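No value in this document is a laboratory result; all are computed from the given coordinates. Not measured: the values here are computed from a predicted model. Methodologically, a virtual Cβ is constructed for each residue, glycine included, from the backbone with ideal geometry; neighbour enumeration extends over all protein chains shown.
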Protein chains: 2
Amino acid sequence: MTKAPLGNLLFADAPMGAPPAPGLCPIRDVLSLVGQKWTLLILIALEAEPRRFSALQRAVGDISKRMLTQTLRDLERDGMISREVFPTKPPAVEYALTDLGRSALAPIAGLKDWANRHHGAIKAARTAFDGV
Amino acid sequence: MTKAPLGNLLFADAPMGAPPAPGLCPIRDVLSLVGQKWTLLILIALEAEPRRFSALQRAVGDISKRMLTQTLRDLERDGMISREVFPTKPPAVEYALTDLGRSALAPIAGLKDWANRHHGAIKAARTAFDGV
DNA sequence: CTGTATCCAGGGGGATACTG
DNA sequence: CAGTATCCCCCTGGATACAG
């Protein structure tokens with residue numbers, strides 16, 4: 001506790017490449033989730049109804065199978081989504097939000113609201129900044 | 001509207017490396033903010049009071065000058081923080097939240113709350129998943 | 001003190017081909 | 001259909017040195 005007051009309290013579990021030390025800081029965990037470029041998209045895509053692998057890929061639009069698989073694994077590991085395999089002729093796999101995953105949609109909605117309300121201000125700020 | 005329903009509606013402005021097309025989607029903008037690994041940390045560090053460059057670096061703890069500068073520029077460009085230069089003997093620069101930046105703290109707090117409430121569940125899910 | 005410039009390693013992530 | 005495996009490019013971001 002000699003240094004890095006804010007950093008250690010909120011995020012820092014290690015400089016960057018060190019063993020994650022599972023969950024030193026809650027915020028750090030959430031950030032690694034939210035910052036993942038595809039996670040929110042997938043959670044939102046699952047909000048209305050469970051979806052299968054290829055349905056998800058279509059819904060998101062421009063995600064590769066590789067990234068979709070990886071992100072789904074991460075979300076499953078974090079308990080945000082469930083994965084059910086149907087041993088049909090061509091195998092089908094359905095993903096759905098867990099209660100935990102669904103509970104995350106609330107704060108995410110808060111973020112979306114803020115984004116929609118202030119998007120114009122941000123764009124204006126950028127234009128002004130760049131236009132100097 | 002032929003494909004990528006969710007993706008285009010929420011995020012996709014380009015595969016990844018293409019010109020950002022300023023602000024196609026609000027959520028995408030917010031994500032690029034939140035996902036930036038240092039932005040939230042800096043906003044939170046500025047919540048209580050304006051701070052100078054080196055004070056911010058100390059507060060965050062493990063951020064390099066390079067990344068601190070870059071993140072501050074991005075936040076300034078987005079109108080989230082202000083930058084005031086004092087032409088003193090050794091120059092001093094003070095950063096502060098703008099109204100826009102301050103308004104972002106609310107949804108961020110929602111995220112923090114969710115994180116604190118469900119951190120245990122996430123850790124448990126991970127342990128269970130890994131322990132298989 | 002507050003940056004900017006350069007160098008460079010590591011990893012994120014796309015494309016493609018293959019498997020069960 | 002639902003992945004896995006491989007290749008590989010490029011960007012992120014740390015370290016260091018330099019400038020105003």
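Computed from the Cβ-Cβ distance with R0 of 25 Å, the FRET efficiency linking A:A48 to A:E84 stands at 0.90.
For B:A96, what charge total do you get from the other residues with a beta carbon under 14 Å from its beta carbon, if Lys and Arg give +1 and Asp and Glu give -1?
-2
Between copies, the label points at A:D130 (set 7 angstrom from Cα along Cα-to-Cβ) are spaced 4.2 nm, reported in nanometres from shortest to longest.
Here the 3J(HN,Hα) profile of the stretch B:104-112, calculated from phi with Karplus coefficients 6.51, -1.76 and 1.60 at θ = phi - 60°, is 6, 5, 5, x, 5, 4, x, 5, 4 Hz, Gly and Pro shown as x. For the stretch A:50-58, putting each phi into the Karplus relation 6.51 cos²θ - 1.76 cosθ + 1.60 with θ = phi - 60° gives couplings of x, 9, 8, 3, 5, 5, 5, 4, 5 Hz, in residue order, rounded to whole numbers and with x for Gly and Pro. Inter-copy label distances at B:N116, shortest first and taken from points set 7 Å along Cα to Cβ: 2.8 nm. Label points for B:E84 are taken 7 Å from Cα along Cα→Cβ. From this copy to the others they lie 5.9 nm apart, shortest first.
Phi angles across the stretch A:37-45 convert, under the Karplus curve 6.51 cos²θ - 1.76 cosθ + 1.60 with θ = phi - 60°, into 3J(HN,Hα) values of 6, 10, 4, 4, 4, 5, 4, 5, 5 Hz, Gly and Pro given as x.
One Cα centroid belongs to the stretch B:33-60, the other to the stretch A:114-128; the line between them spans 20 Å.
The value of relative contact order for the stretch B:23-132, using C-alpha pairs under 8 Å at least six residues apart, is 23 percent.
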